Amino acid sequence: MLDGYQLMVPGPTQVRQDVLDQMMLPIVPHYGRDWTAYYNETLDLLRSVFRTKGKVFPIPGSGSAGLEAALSSMVERTEPLLVLSNGWFGERLVAIAEGHLDRVLVERAAPEEPMTADRLRDALARHPEAAAVAVVHSESSSGLLNPVRELAAVCQEHELLFLVDAVSSAGGIELAVDDWGIDVCVTASQKCLESPPGFGIVAISPAGWKRIASKCTAGWYLNLHVWDEFASSWADWHPYPITQAVPSFRAMRRALEYIDAEGLAARVRRHAAVGRQVRQELGNHGFSPVFDESTASPTILAFLTPSGCEARRMVDALREKHGILIASGMGTYKECAIRIGNMGVQSSPEQMKPVIMALAAEGSGGCVV
Ligand SMILES: Cc1ncc(COP(=O)(O)O)c(C=O)c1O
């Protein structure tokens, strides 16, 4: 069965019906005066999610398309990039970068160790040649949050370009691209933006673009210099190089209107409050959070299963017996942890209540499917 489950995985997330309804509207051209005005308003809504006055590029594709566009456009092939990796998606940054760059330097930490400012300083002392740094904000594979604000400050001290993978954080966790000094930030439509999958979205701060604009980078579809060239030369009717994915774009626009109406600060508070509540309640039922509150991502809630309960069996039991989809851990947490998405529509006491009840029942019963 594909349908009918309560979707509580760490992405994709639930999408409101009227957001989905936007995808049923008749197709309209992705160009022309009216469409371009609508597109530009939507870019403004995206700018407020990233908290930037800079450039935003919504690229049809997934989050990885956004990451590939960002990584391949922000540095030239011969410039060394330092990737800070403490999880599965950190390794994704490495893999994407290695496809484009001659030198990818990698600072690895264990999945339970956040990438601190001191660690970055040490890595830079060993790699003074680095031209840019990249890191994942909310490491969705484990539920660890990296302190990107502190990392951005170190990058500013060293005058390095700084990229943040905010795929599971933008729109749900505090993030301020311009104020924190993040140069390039990437998210995807299907997580905290509570939209259907379909867009990798790259934001570049005004300061970041000043340093990136003159770079000579390869590629066409995912080359942000090509996107920027069309954004100015075709500004009044078709401000991008490709056919936009009109139905998904309209859905994302409607979802962004909800985000705007809620207000970003209130939204960040909501995700944090629901995350805390779930930690407390599941803690009472024998599920210990994988990370303490200071390093746990508020949007990807990860818990060690009670002893004797394999994570995979717990996930199966929730699906088969309770109609709820959650995920097991990844990498080192595959067998022993479960992950619950707390993003967008998922992030409410009403959505979490059945999940907590089901986990409590299965945890006490040894999760027999
Ligand atoms: C932190 C993070 N980075 C990158 C990705 C890759 O995004 P996509 O699967 O949309 O390509 C994901 C997807 O879950 C993610 O959580």
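Just a yes or no: is a residue in segment 214-221 away from the ligand (no atom under 16 Å from the Cβ) and free of Cβ contacts under 8 Å to residues at least 24 places away in the same chain?
Scanning segment 214-221, I find at least one residue that is away from the ligand (no atom under 16 Å from the Cβ) and free of Cβ contacts under 8 Å to residues at least 24 places away in the same chain, so the answer is yes.
So VAL226 clears everything in (1) open to solvent by 10 Å² or more (accessible area, probe 1.4 Å); (2) touching a Phe, Trp or Tyr at 6+ places or on another chain (Cβ under 7 Å); (3) assigned to a loop (DSSP other than H, G, I, E, B) except one condition, right? Which one?
Unmet for VAL226, out of (1) open to solvent by 10 Å² or more (accessible area, probe 1.4 Å); (2) touching a Phe, Trp or Tyr at 6+ places or on another chain (Cβ under 7 Å); (3) assigned to a loop (DSSP other than H, G, I, E, B): (3).
Does any residue in segment 149-177 that is open to solvent by less than 10 Å² (accessible area, probe 1.4 Å) come within less than 6 Å, Cβ to Cβ, of a residue that is acidic (Asp, Glu) and more than 16 Å from the ligand (Cβ to nearest atom) six or more places away or on a different chain, and which pairs are these?
Pairs that qualify, where the first residue is open to solvent by less than 10 Å² (accessible area, probe 1.4 Å) and the partner is acidic (Asp, Glu) and more than 16 Å from the ligand (Cβ to nearest atom), are LEU161/ASP183; PHE162/ASP183.
Can you name the residue in segment 88-117 that is among the aliphatic types (A, V, I, L, M) and closer than 22 Å to SER294 by Cβ and is also nearest to the chain's Cα centre (by Cα) among such residues?
Taking segment 88-117 first, the residues among the aliphatic types (A, V, I, L, M) are 93-97, 101, 104-106, 109-110, 115, 117.
With the extra rule that they be closer than 22 Å to SER294 by Cβ, the set shrinks to 109-110, 115, 117.
Details: ALA109: 20, ALA110: 20, MET115: 17, ALA117: 21 Å.
It comes out as MET115.
Which residue, of GLY363, GLY331, is among the small types (Gly, Ala, Ser) and under 27 Å from VAL136 (Cα atoms)?
GLY331
State the number of residues belonging to segment 279-300 that are touching a strand residue (DSSP E or B) at 6+ places or on another chain (Cβ under 9 Å), under 19 Å from SER328 (Cα atoms) and open to solvent by less than 50 Å² (accessible area, probe 1.4 Å).
Total satisfying the criteria: 12.
Collect the residues in segment 229-266 that are β-branched (Val, Ile, Thr) and either over 15 Å from VAL19 (Cβ atoms) or open to solvent by 40 Å² or more (accessible area, probe 1.4 Å) (or both), keeping them in residue-number order.
ILE242, THR243
Could you pull out every one of the helices (runs of 4 or more DSSP H) wholly within segment 25-143 that has 1 or more residues that are away from the ligand (no atom under 16 Å from the Cβ) and either modelled with pLDDT under 95 or under 19 Å from PHE199 (Cα atoms) (or both)?
The qualifying helices (runs of 4 or more DSSP H) are 33-50, 63-74.
The values are calculated or read from the model by the stated rules, or taken from the named source; none is laboratory data. As the structure is a prediction and not an experimental result, all values here were calculated from the model. Heads up, the Cβs are rebuilt from the backbone with ideal geometry, glycines too, and the neighbour counts pull from every protein chain shown. Accessible surface areas use protein heavy atoms only, side chains included; no ligands, DNA or RNA. Shrake-Rupley method; radii C 1.70, N 1.55, O 1.52, S 1.80 Å.
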